[in-house]
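Beneath this line is the structure, given in structure tokens, with notes to follow.
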Amino acid sequence: MTLPHRHTAPLEILRVQVGEEVGLSRWFTVDQSRINVFATITEDDQFIHTDIDRAAGTPFGGPIAHGFLTLSLLSAMAYDAVPVPEGATFGVNCGFDRIRFLAPVPSGAQIRGRFVLEGVEEDGAQITTRHAVTVEIEGQDKPALVALWITRAYLAGAE
């Protein structure tokens, strides 16, 4: 069984794509409902995220998404846009070398992920990739975040 993913690519293709943009996700809506659910799950209900009236009086002019909510949507963005090695049966998140939150995401905004493949490392049935990720906010010049994300795919037989 292979990893259920929208995009796969032979390892030979991934190797030559290092340094290139390999995916651009669809737009994701970060509405107040999503922000409130995230606040409940993470127990982070700071008013800047959940109190529309109070947040209106801040320099942001209204509620903003948690930075970690924006970060957590990277999984869906990657699933939407980034090719995985052919034959991968599962994958894991290894972490980040860098994460920077550059601009707040206002409630109701649309965001999407842009992925540049920075590296591919092979170790038997494990393929580790590094992607430079930029999360764009529709209609804004400054991105919500930039990150260097490390993931690992396991090929058949690695279970």
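Brief remarks on what is shown
- Within region 98-120, the set of residues being surrounded by 17 or more Cβ atoms within 10 Å (Cβ to Cβ), of a type in the set (A, V, I, L, M, F, W, C) and under 13 Å from the mean Cα position of the chain (by Cα) comprises Phe101, Ile111, Phe115, Val116.
- Condition check for Arg34: of a type in the set (Lys, Arg), over 25 Å from Thr151 (Cβ atoms), at pLDDT 95 or above and assigned to a helix (DSSP H, G or I): no
- Thr134 being surrounded by 14 or more Cβ atoms within 10 Å (Cβ to Cβ) and either more than 12 Å from the chain's Cα centre (by Cα) or among the aromatic types (Phe, Trp, Tyr) (or both): no
- Qualifying residue in region 73-84 (condition: over 17 Å from Ser25 (Cα atoms) and in contact (Cβ under 8 Å) with a residue 12 or more places away in the chain): no
- When region 131-159 is filtered for residues that are of a type outside the set (A, V, I, L, M, F, W, C) and within 15 Å of Leu11 (Cβ to Cβ), the ones remaining, listed by number, are Thr151, Arg152, Tyr154, Gly157.
- Residue ID - surrounded by the most Cβ atoms within 10 Å (Cβ to Cβ), chosen from residues in region 60-72 that are aliphatic (A, V, I, L, M) and assigned to a helix (DSSP H, G or I): Leu69
- Pairs, first in contact (Cβ under 8 Å) with a residue 60 or more places away in the chain and closer than 30 Å to Ile52 by Cβ in region 16-31, second polar (S, T, N, Q) and in a strand (DSSP E or B), C-beta under 9 Å, six or more apart: Trp27/Gln110; Phe28/Gln110; Thr29/Gln110; Val30/Gln110
The values are calculated or read from the model by the stated rules, or taken from the named source; none is laboratory data. Small disclaimer: the values here were computed from a predicted structure and weren't measured. Neighbour counts are summed over all protein chains in view; Cβ atoms, including those assigned to glycine, are modelled from backbone coordinates with ideal geometry.
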